[in-house]
1. Filter the range 81-101 down to residues that are surrounded by 15 or more Cβ atoms within 10 Å (Cβ to Cβ) and of a type in the set (A, V, I, L, M), then give me how many there are.
2. If you take the residues in the range 44-75 that are of a type in the set (S, T, N, Q) and over 29 Å from residue 147 (Cβ atoms), which one is surrounded by the most Cβ atoms within 10 Å (Cβ to Cβ)?
3. Among 78, 104, which is the only one that is touching a residue at least 24 places away in the same chain (Cβ under 8 Å), charged (D, E, K, R) and surrounded by 15 or more Cβ atoms within 10 Å (Cβ to Cβ)?
4. How many of the residues in the range 131-148 are closer than 21 Å to residue 94 by Cβ and touching a residue at least 12 places away in the same chain (Cβ under 8 Å)?
5. What residue, of 143, 130, 139, is in contact with a Phe, Trp or Tyr (Cβ under 7 Å, 6 or more places away or on another chain), assigned by TED's automatic domain parsing to the domain that holds residue 115 and closer than 18 Å to residue 117 by Cα?
6. Suppose we keep only residues that are among the hydroxyl-bearing types (Ser, Thr, Tyr), more than 19 Å from residue 33 (Cβ to Cβ) and not in a loop (DSSP other than H, G, I, E, B) within the range 66-104. Which one would you say is nearest to the chain's Cα centre (by Cα)?
7. Among the residues of the range 132-176, which ones are among the charged types (D, E, K, R) and in contact with a helix residue (DSSP H, G or I) (Cβ under 8 Å, 6 or more places away or on another chain)?
8. Are any residues in the range 61-102 among the small types (Gly, Ala, Ser) and either modelled with pLDDT under 90 or assigned by TED's automatic domain parsing to the domain that holds residue 145 (or both), and if so, which ones?
Amino acid sequence: MKTSTSEGKHGIQWTSRMQLDDLDFADDLAFLSQTQQQMQEKTTSVAAASAEIGLNIHKGKSKILRYNTACTNPIKIDGEDLKDVKTFTYLGSIIDEQGGSDADVRARIGKARAAYLQLRNIWNSKQLSTNTKVRSFNTNVKTVLLYGAETWRTTKVIIQKIQVSTQNTSDQLAGHY
């Protein structure tokens, strides 16, 4: 990966002295470029470097998300256009073309609600103490809600959504005691 992306400065400005070219975790890659041409060069370079060592890029799983651009020229691998999308999930977090956190926060609230509902038997239990129920809530519901929160833009609206979600669920939990 490093060899194929370090050929030129094709990333985004991260700090005054540093460019961010890609995000990598195991076999999950997200390339960052300022222009369509740079993205195409990077994609072609990574595909070639991968092929040299016997790896293939799954074109069906490869997506293009354009942020703040009017350019719609396709990005290709081996002559095949990659699909343009408005959102995609990277390591469990939703990334969208707006560059914000709203879609991810909405999804997290929904997943936390589902986690809460799956534990209905715990909340209704007469044998479990309030302390045990609160600990279960914190470990099984809040963690789902806050997964990836360190990457969110912490706007007043997002903070309010999280607080309302937590308060609503806590209020429901309190009603079960």
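1. So the answer is 3.
2. The initial filter retains those residues of the range 44-75 that are of a type in the set (S, T, N, Q), namely 44-45, 50, 56, 62, 68-69, 72-73.
Checking the rest, the ones that are also over 29 Å from residue 147 (Cβ atoms) come to 44-45, 50, 56, 69, 72-73.
Numbers: 44: 15, 45: 18, 50: 16, 56: 10, 69: 11, 72: 9, 73: 12.
Per the criteria, the residue is 45.
3. Unique residue meeting the criteria: 104.
4. First, pick out the residues of the range 131-148 that are closer than 21 Å to residue 94 by Cβ: 141-148.
Restricting the remaining residues to those that are touching a residue at least 12 places away in the same chain (Cβ under 8 Å) gives 141-142, 144-148.
Result for the range 131-148: 7.
5. Values: 143 fails: in contact with a Phe, Trp or Tyr (Cβ under 7 Å, 6 or more places away or on another chain); 139 fails: in contact with a Phe, Trp or Tyr (Cβ under 7 Å, 6 or more places away or on another chain).
From the options 143, 130, 139, the qualifying one is 130.
6. Step one: filter the range 66-104 for residues among the hydroxyl-bearing types (Ser, Thr, Tyr), giving 67, 69, 72, 87, 89-90, 93, 101.
So of that shortlist, the ones also more than 19 Å from residue 33 (Cβ to Cβ) come out as 89, 93, 101.
Of the ones still in play, those that are also not in a loop (DSSP other than H, G, I, E, B) are 89, 93.
On the way: 89: 5, 93: 2 Å.
Among them, the one singled out is 93.
7. Pass one, the range 132-176, residues among the charged types (D, E, K, R): 133, 135, 142, 150, 153, 156, 161, 171.
Listed by number, the residues that qualify are 133, 142, 161.
8. Narrowing the range 61-102 to residues among the small types (Gly, Ala, Ser): 62, 70, 79, 92-93, 99-101.
Once the filter is applied, which keeps residues that are among the small types (Gly, Ala, Ser) and either modelled with pLDDT under 90 or assigned by TED's automatic domain parsing to the domain that holds residue 145 (or both), the range 61-102 yields 70, 92, 93, 99, 100, 101.
The values are calculated or read from the model by the stated rules, or taken from the named source; none is laboratory data. What you see is a predicted model, and the numbers here were worked out from it, not measured in a lab. Every residue, glycine among them, receives a Cβ derived from its backbone with ideal geometry; neighbour counts consider all protein chains shown.
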